[in-house]
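Enquirer: Pasting a structure here, questions to come.
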Amino acid sequence: MRIARRDVRLGQSSGDAPSTRRVGSRRGSVEPDGATGSETESRNGTETDHTRTGRDSGGAGTDNPMDWTAAAAHFRDRLRQSLQVARRALDLATHPRAEVDPSAILALKALIPPLERQLGRLERGEFRIAVVGLEKAGKSTLVNAWLEHDLLPSDSARCTFTTTRVHAVAQEAEQRLEIDPFTPEEFQKLQDDLARIAQANTEEGRRAQADLDAIAAMRGALNVVIDEGERVLPFQNLEEIAEPLRRAVADPAQAYAVKEVRLFTNRLAAPPGVVFQDVPGLNSGLAKHVEESRAMLADCDAVILVQRSSTPSIEASEQRLIEFVHQGDDRVGVAGKLFVFLGRIDQEGSAESLRDNLELATRDWEARGRLTPDRIVVGSAAAFLVLKNLAKDNLLKNAGNRDKLLANLRHVTRCGEGYEDLLQATGIPRLKERVQRYLEHERVEALRLRCEEAIDDILRISTDIHSDVRHRFPEDPELARQLFEDERRIRFSNWWPGYWDRVRAELNRHYEREVIRRTPESPSARPLALEELRTRYVAAVEEGLNHLPALQPERRDTIFDSGTVFDSTRANLDWRRELYRQIADLLDDVARALALELEREATSLVDVMSDLLFRAPRVRAEMKKVPESIRLTMEHGLRALFLRFARPIAEALIRGPLGSETRQGTVVRLGPDIDLIDHYYEGGDPTYASLKRYLTYGPRPPADAREEERGSTRRSSVNVNGATDHPAGGPADSATSTGRRAAASLSRLVGRRRNKTVTSANAVPPSSAAADLAPPIPATRREDIIREVHADLEALRQYLLHAVFHAAGFAAFCEQELGRLRDRFLELESTWRGVAENEWLQGNPRLLAVVPPELRDSSGDTEICDRLKRLGAALREAWMADTEEDESS
């Protein structure tokens, strides 16, 4: 056999046209009852397609005629090979990246099921002949006549509830009866189908309801059959299994629960492997029987339709049979596999009536199924069994008097009186002859029609699929992997810039809204990081000032009492010197704490960056260096800022007592920075509104101090007791409260001391008032020293909390360092691209969730090439086998 040749390696057609040489056996012309082939041709004036095909497939001029055994082996091998090709082609075509024309996939899928069924029959060595028809048409009686044994139940009432398969076997030892019941689930589905059909007000619906009622009445017995499971009954004589067969097929108490009965016998007048299938009537009302008929007609090689000769017109249920045949085997069709047996002719009234009905049936089947007259046989299966004395009592009761039955058969067929004449008139020998001839000759041609073109279509479509996909993908997996990786990397490179734009935009939005809190609605809001930094700063300052060791009474008294006699000047300086050293250390600790806080904020920003880049470990490893450098820079920067602001203030306030040269020298050294501190002071206490004034005069009442600075001569009228209460601006702990009380008390004390000095000068003239503004006299009493130091500590706290933080530019410094971190991240875009690509190749799930679908599959194109290679190998094997066959023939 030859099919269209294609060069699979190149995926192109070589232009060979498909050959139409047939593989078949010799088959002569066929004729209707009693006519020869030549008579048929002369009567019709032309050959039918069926007879012409039959002669073309055998006889002289046939290339290589085959018998059934050889043809079955040949097409079994070809079908295995072709179906393997089809499966490989579907496997390739359904790959997501194959992009094969959907119509090719549908066409290939449609080709596979019929060929799989045909291959199954060939592998089992079966040739299936379905016996179908309406209920009570005589199907079981026909099978009994064929078996020449009144075995299957037949009755005037419904007697076939179950599909029966009769298998021809060669050896007597192979004979057996298999009874296969429903499973509980299958039995429930049967009842559901019946209930659905019973809802219709039709004859089918009424029959279905009757079946449901019968099942309900026999539920117990049916459950026993289901629970018993499959039974296998070996036998030697058909009589041995007659009763079990009858009950399984015709006894409702068992038959409703039986799915299928299989009879294996050597009494079937057919070659081994032939299977007769007797299905309950097409109009039984059971959806199960309709579906069984559909499946059986799709999976059979020939069909015998049994009709009553008195009703030869094709009924609706029989029209469905034609539909089922076409659906299951459209290449052979009705004309290639159907035989019609018009039975019960012994019940015809006359020869003319029989002739008219035969002509009507012939015209009807020719019009509907293109069936030729030689495929229509008239007869009586019951008369055959009666004539051969094989009929049992039940059949004799239904058929009537033997002599009357045979006499009527002679009357309507006008046959002779002899036994052989009557035997031929029953139609059974003629039907057997027609079917036997079909088995010996025509079924090879039917097999060829069923397989050859379908095989060619499979190879053609599969080759087209292979060629189409191969234009885009190679068969070599290594080359495919290389090309695939190259293509994936290119696609990733095209995807990355767009994603990086998203990363940059999201990071900037986060920085503006969450880190520095700059939004269109509040452009001047303080940065969140700065607020947290200031909170940490305030806590560190408060904690440090409240727990200075030198403030402890024991340590203070130790310093005061270190001499043999209390020296106020020395005690004041020593105590302040120790406090200043501790405060200097405190400022260093605050700088470190602020640096750690900023490092924590920077680490939080790095976390956001890491999330934007799929939490790749390399991001943290690369960016964690920046927060560490920020901490070091912050410590260094804060120390520098404190040296400019905090330490000089601490030195002036703590190291130098009120009115000392140390304090006055600090005022000169600070210069314009004093005004900067005043500008940034945010506390609510007017006592500290001017740092220069405080360093010069201490916690004097503001009005009194301003008056003296204007050179007022009204010093004697200053209300030295007019110190005002004001907010502390810090936590209400004991040290802070002591500082506030000390400041108020010191204010009164300084006023008294200054008044004494002024009055002793006997009222300095107004013109020289400014020259007389000398600093207050240093404290000499222990309690005055303590009040003065606590007041200066309170002043230091006020300036550290409410002026130095902002004056030192911590906000700008914080924003600068976090901005530098963000900018550093954005500058490393090329690094992050490499990191992202590595994460993508390693299958980072967070990255795979955002890339396009085509970038998620790391093996798809390699897999498609593997499938392409498998299809190519299958195609080459198929073409090679075909080439070898052509050469051998």
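The values are calculated or read from the model by the stated rules, or taken from the named source; none is laboratory data. Bear in mind that the values here come from a model prediction, so they are computed numbers and not experimental data. Note: ideal-geometry Cβ built from the backbone for every residue, glycine included; neighbour counts use all protein chains shown.
Enquirer: If I ask for residues that are among the basic types (Lys, Arg) and in contact (Cβ under 8 Å) with a residue 24 or more places away in the chain, which ones from segment 189-200 would you list?
Expert: Answer for segment 189-200, where residues must be among the basic types (Lys, Arg) and in contact (Cβ under 8 Å) with a residue 24 or more places away in the chain: just Arg196.
Enquirer: Tally the residues that are under 22 Å from Ser154 (Cα atoms) and assigned to a loop (DSSP other than H, G, I, E, B), restricting the search to segment 390-435.
Expert: Here the count works out to 7.
Here's the yes/no breakdown for (1) closer than 30 Å to Pro852 by Cβ; (2) over 35 Å from the mean Cα position of the chain (by Cα):
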site	(1), (2)
Leu447	no, yes
Cys451	no, yes
Ala454	no, yes
Leu459	no, no
His466	yes, no
Arg472	yes, no
Glu478	yes, no
Asp486	yes, no
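Enquirer: Need the failing condition index for Asp213 against (1) surrounded by fewer than 18 Cβ atoms within 10 Å (Cβ to Cβ); (2) not in a helix (DSSP H, G or I), just the number.
Expert: (2)
Enquirer: While we're looking at this one, here's another question. Any residue in segment 855-878 that's on the phi > 0 side of the Ramachandran plot: show its pairings with residues that are modelled with pLDDT under 85 and in a helix (DSSP H, G or I) at Cβ separation under 9 Å, as long as the two are six or more apart or on different chains.
Expert: Close Cβ pairs satisfying both conditions: none exist.
Enquirer: Right, something else. Go through segment 290-329 and count every residue that is part of a loop (DSSP other than H, G, I, E, B) and within 18 Å of Arg375 (Cβ to Cβ). Can you show your working first?
Expert: Residues of segment 290-329 that are part of a loop (DSSP other than H, G, I, E, B), as a first pass: 299-301, 309-315, 329.
Now narrow it down to the ones that are within 18 Å of Arg375 (Cβ to Cβ): 300-301, 309, 312-314, 329.
Adding up the residues that qualify gives 7.
Enquirer: Now for a different question. Please identify the pairs in which a residue from segment 430-453 that is touching a residue at least 12 places away in the same chain (Cβ under 8 Å) has its Cβ atom under 6 Å from the Cβ atom of a residue that is of a type in the set (Lys, Arg) and buried (at least 22 other Cβ atoms within 10 Å of the Cβ), counting only partners at least 6 apart or on another chain.
Expert: Correct list of pairs: His441/Arg27; Glu442/Arg27.
Enquirer: Could you give me the residue pairs with C-beta distances under 9 Å whose first residue belongs to segment 163-188 and is more than 24 Å from Ser293 (Cβ to Cβ) and surrounded by 16 or more Cβ atoms within 10 Å (Cβ to Cβ), whose second residue is modelled with pLDDT under 90 and basic (Lys, Arg) wherever it lies, and which are 6+ apart or on separate chains?
Expert: Listed by first residue and then by second, the contacts come to Gln175/Arg267.
Enquirer: Here's a follow-up. Restricting the search to segment 422-462, which residues are small (Gly, Ala, Ser) and under 18 Å from Leu122 (Cβ atoms)?
Expert: Listed by number, the residues that qualify are Ala446, Ala454.
Enquirer: Against the condition of a type in the set (A, V, I, L, M), at pLDDT below 90, surrounded by fewer than 15 Cβ atoms within 10 Å (Cβ to Cβ) and assigned to a helix (DSSP H, G or I), how does Leu449 come out, does it pass?
Expert: no
Enquirer: Has segment 453-464 got at least one residue that is modelled with pLDDT under 90 and buried (at least 18 other Cβ atoms within 10 Å of the Cβ)?
Expert: The answer is no, given that none of the residues of segment 453-464 is modelled with pLDDT under 90 and buried (at least 18 other Cβ atoms within 10 Å of the Cβ).
Enquirer: State the number of residues belonging to segment 173-188 that are outside any loop (DSSP other than H, G, I, E, B) and either touching a Phe, Trp or Tyr at 6+ places or on another chain (Cβ under 7 Å) or at pLDDT below 90 (or both).
Expert: 3
Enquirer: Then there is this: Could you tell me whether any residue of segment 310-318 is hydroxyl-bearing (Ser, Thr, Tyr) and either at pLDDT 90 or above or crowded, with 24+ Cβ neighbours inside 10 Å (or both)?
Expert: no
Enquirer: Let me ask something else about it. Test each condition in (1) without any contact (Cβ under 8 Å) to a residue 24 or more places away in the chain; (2) in contact with a helix residue (DSSP H, G or I) (Cβ under 7 Å, 6 or more places away or on another chain) for Lys404 and report the one that comes out false.
Expert: (2)
Enquirer: Right, something else. What pairs can you find where one residue is in segment 136-153 and closer than 15 Å to Asn389 by Cβ, the other is in a loop (DSSP other than H, G, I, E, B) and among the β-branched types (Val, Ile, Thr), and their Cβ atoms are less than 9 Å apart, with a gap of 6+ or different chains?
Expert: Ala145/Thr426
Enquirer: Among the candidates Ala774, Ala743, Ala761, Ala807, single out the residue that is farther than 23 Å from Asp675 by Cα and either among the hydrophobic types (A, V, I, L, M, F, W, C) or at pLDDT 50 or above (or both).
Expert: It is Ala761.
Enquirer: Now, a different point. Tell me which residues, restricted to segment 571-610, are under 49 Å from the mean Cα position of the chain (by Cα) and either among the polar types (S, T, N, Q) or more than 30 Å from Glu506 (Cα to Cα) (or both).
Expert: Listed by number, the residues that qualify are Thr603, Ser604, Ser610.
Enquirer: May I pose another question? Would you say Asp468 is in contact (Cβ under 8 Å) with a residue 40 or more places away in the chain, of a type outside the set (Val, Ile, Thr), touching a Leu at 6+ places or on another chain (Cβ under 9 Å) and closer than 30 Å to Asp101 by Cβ?
Expert: Numbers: in contact (Cβ under 8 Å) with a residue 40 or more places away in the chain: yes; of a type outside the set (Val, Ile, Thr): yes; touching a Leu at 6+ places or on another chain (Cβ under 9 Å): no; closer than 30 Å to Asp101 by Cβ: yes.
Answer is no for this residue.
Enquirer: Please determine, by comparing only the residues of segment 92-111 that are within 21 Å of the chain's Cα centre (by Cα) and surrounded by fewer than 17 Cβ atoms within 10 Å (Cβ to Cβ), which one is nearest to Ala881 (Cα to Cα).
Expert: Among them, the one singled out is Thr94.
Enquirer: Please pick out the residue among Glu839, Glu854 that is at pLDDT 90 or above, in a helix (DSSP H, G or I) and either in contact with a helix residue (DSSP H, G or I) (Cβ under 7 Å, 6 or more places away or on another chain) or closer than 30 Å to Thr463 by Cα (or both). Working first, answer last.
Expert: Working: Glu854 fails: at pLDDT 90 or above.
Answer to the selection: Glu839.
Enquirer: Can you spot a residue in segment 568-580 that is buried (at least 18 other Cβ atoms within 10 Å of the Cβ), among the small types (Gly, Ala, Ser) and touching a residue at least 12 places away in the same chain (Cβ under 8 Å)?
Expert: Looking for residues that are buried (at least 18 other Cβ atoms within 10 Å of the Cβ), among the small types (Gly, Ala, Ser) and touching a residue at least 12 places away in the same chain (Cβ under 8 Å), one finds at least one in segment 568-580, hence yes.
Enquirer: Out of all the residues in segment 562-585, is one or more hydroxyl-bearing (Ser, Thr, Tyr), at pLDDT below 90 and farther than 16 Å from Arg781 by Cβ?
Expert: Yes, some residue in segment 562-585 is hydroxyl-bearing (Ser, Thr, Tyr), at pLDDT below 90 and farther than 16 Å from Arg781 by Cβ.
Enquirer: Failed condition for Leu354, given (1) in contact with a Pro (Cβ under 6 Å, 6 or more places away or on another chain); (2) of a type in the set (A, V, I, L, M); (3) within 24 Å of Asn401 (Cβ to Cβ), with all others met?
Expert: With respect to (1) in contact with a Pro (Cβ under 6 Å, 6 or more places away or on another chain); (2) of a type in the set (A, V, I, L, M); (3) within 24 Å of Asn401 (Cβ to Cβ), Leu354 is out only on (1).
Enquirer: For segment 515-534, indicate whether the set of residues that are within 30 Å of Leu848 (Cα to Cα), under 47 Å from the mean Cα position of the chain (by Cα), at pLDDT below 90 and surrounded by 13 or more Cβ atoms within 10 Å (Cβ to Cβ) is non-empty.
Expert: yes
Enquirer: Residues Gln84, Gln118: which one is in contact with a Cys (Cβ under 8 Å, 6 or more places away or on another chain), part of a helix (DSSP H, G or I) and on the phi < 0 side of the Ramachandran plot?
Expert: When all the criteria are applied, what remains is Gln118.
Enquirer: Looking at segment 319-345 only, could you name the residues that are more than 24 Å from Glu445 (Cβ to Cβ) and modelled with pLDDT of 90 or more?
Expert: Hits for segment 319-345 are Leu342, Gly343, Arg344, Ile345.
Enquirer: Is it the case that Leu233 is surrounded by fewer than 18 Cβ atoms within 10 Å (Cβ to Cβ), aliphatic (A, V, I, L, M) and part of a strand (DSSP E or B)? Steps first, answer last, please.
Expert: Values: surrounded by fewer than 18 Cβ atoms within 10 Å (Cβ to Cβ): yes; aliphatic (A, V, I, L, M): yes; part of a strand (DSSP E or B): yes.
For Leu233, the condition - surrounded by fewer than 18 Cβ atoms within 10 Å (Cβ to Cβ), aliphatic (A, V, I, L, M) and part of a strand (DSSP E or B) - is met.
Enquirer: Within segment 817-840, count every residue that is farther than 20 Å from Glu597 by Cβ and touching a residue at least 12 places away in the same chain (Cβ under 8 Å).
Expert: Total meeting the criteria: 13.
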